[in-house]
1. Scan 52, 68, 73 and give me the residue that is in contact with a helix residue (DSSP H, G or I) (Cβ under 6 Å, 6 or more places away or on another chain), in contact (Cβ under 8 Å) with a residue 24 or more places away in the chain and under 21 Å from residue 147 (Cα atoms).
2. Tell me which of these residue 111 doesn't satisfy, since it passes every other one: (1) open to solvent by 20 Å² or more (accessible area, probe 1.4 Å); (2) away from the ligand (no atom under 16 Å from the Cβ); (3) in contact with a helix residue (DSSP H, G or I) (Cβ under 7 Å, 6 or more places away or on another chain).
3. Which is buried (at least 17 other Cβ atoms within 10 Å of the Cβ), touching a helix residue (DSSP H, G or I) at 6+ places or on another chain (Cβ under 7 Å) and outside any loop (DSSP other than H, G, I, E, B), of 80, 3?
4. For the range 184-200, state whether one or more residues are open to solvent by 20 Å² or more (accessible area, probe 1.4 Å), more than 21 Å from the chain's Cα centre (by Cα) and without any contact (Cβ under 8 Å) to a residue 60 or more places away in the chain.
5. So which residues in the range 34-55 are within 17 Å of residue 15 (Cα to Cα) and part of a strand (DSSP E or B), if there are any at all?
6. Restricting the search to the range 276-301, which residues are open to solvent by 60 Å² or more (accessible area, probe 1.4 Å) and either more than 15 Å from residue 190 (Cβ to Cβ) or among the acidic types (Asp, Glu) (or both)?
7. Within the range 127-171, count every residue that is open to solvent by less than 60 Å² (accessible area, probe 1.4 Å), within 21 Å of residue 25 (Cβ to Cβ) and away from the ligand (no atom under 13 Å from the Cβ).
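The values are calculated or read from the model by the stated rules, or taken from the named source; none is laboratory data. Only a predicted model underlies this, so the values are computations on that prediction, with no experimental measurement involved. All Cβ positions, glycine included, derive from the backbone under ideal geometry; neighbour counts span all protein chains shown. With ligands, DNA and RNA removed, areas are computed over all heavy atoms of the protein, side chains included. Shrake-Rupley method; radii C 1.70, N 1.55, O 1.52, S 1.80 Å.
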Amino acid sequence: MGADLHGLGYAQSRLTRHSAESGDTVPEPGDAESRIVLVAGDRIVLSGDTALLPPGRAAAACHGDLTLFLGRLDGAPVFACAVAPEVAEGFEAEPGFRTSDLRSLASEAGIAPHELGLLATAKSILGWHARHGYCAQCGTATRLAAGGFRRECPGCGTHHFPRVDPVVIMLIARGDACLLGRSPRFKEGMFSCLAGFLEPDETIEDAVRRETREEVGLPIGEVTYHASQPWPFPSSLMIGCVAQALDAAITIDPAELTEARWFTRDEVAAMIAGTHGEGLSVPPPMAIAHLLMRAFVTGKV
Ligand SMILES: [Zn+2]
């Protein structure tokens, strides 16, 4: 049985990605059937409870240099377009339209979960294009290809593909307790799972062991995979694991953490419910750390 993904942000998508389609033919955003996502930096334009706008005004706003063909949703072509902040403000000024950022949308759960996944794809790939205008091999300006799922270098012919940065995030368990930490940037009273980027040529298990040793000085035995979550800030994949600690003595790396503690299942349940005696809290359900903690509390891991 798979993990319970209920409430997890960006992890569901019904998009049939263009990269998965055969051939290189890319439709135009003008068809009546097409749907368009408008992204202005961190802001996304919404009409009611959807960011999938019909053409017309949205297509007219899309004359900038960066329009992606993401793929198809129920057969209809879906595009993502980077627009200037003034364009988003123009929509915002009209009845029925608003803008929001992707984190708020996931926390509010105001739009369909599958749409959040599609928006994560749009934001991640648009961001990649914005940061990769030049060939890393020879420095020539590159051009968009394959609807935006590739950039090509006219100088040396290299094809560049949108990148994903894997991150391990682990619930460290020992018997009936789990270890949670506080990073200096967390809001007061919030504890979460430890996490860190994978390094080149490292297995997921070894990354979990290395990060845990570096951050809290604990040796780790068995590591099991639980679930994953796309994290489009800018383009990570969170790989959620459960790690069995072989010891309980913690030595914190003060550069990474301000505090780390062992919590019992009951305590974590209270933190999730918002009833912990010390007022401690955990990340919201849209975050995979929450899912890992919920699985721990309910004895699923
Ligand atoms: Zn090149």
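1. Testing whether each residue is in contact with a helix residue (DSSP H, G or I) (Cβ under 6 Å, 6 or more places away or on another chain), in contact (Cβ under 8 Å) with a residue 24 or more places away in the chain and under 21 Å from residue 147 (Cα atoms) leaves just 68.
2. Residue 111 satisfies every listed condition except (1).
3. Only one candidate passes the filter, namely 80.
4. The answer is yes; a qualifying residue exists.
5. Scanning the range 34-55 gives 35, 36, 37, 38, 50, 53.
6. Passing the criteria: 277, 278, 298, 300.
7. The total comes to 8.
Rundown of residues vs (1) under 20 Å from residue 233 (Cα atoms); (2) of a type in the set (Val, Ile, Thr); (3) open to solvent by less than 60 Å² (accessible area, probe 1.4 Å), yes/no style:
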| site | (1), (2), (3) |
| --- | --- |
| 73 | no, no, yes |
| 92 | no, no, no |
| 104 | yes, no, yes |
| 117 | yes, no, yes |
| 122 | yes, no, yes |
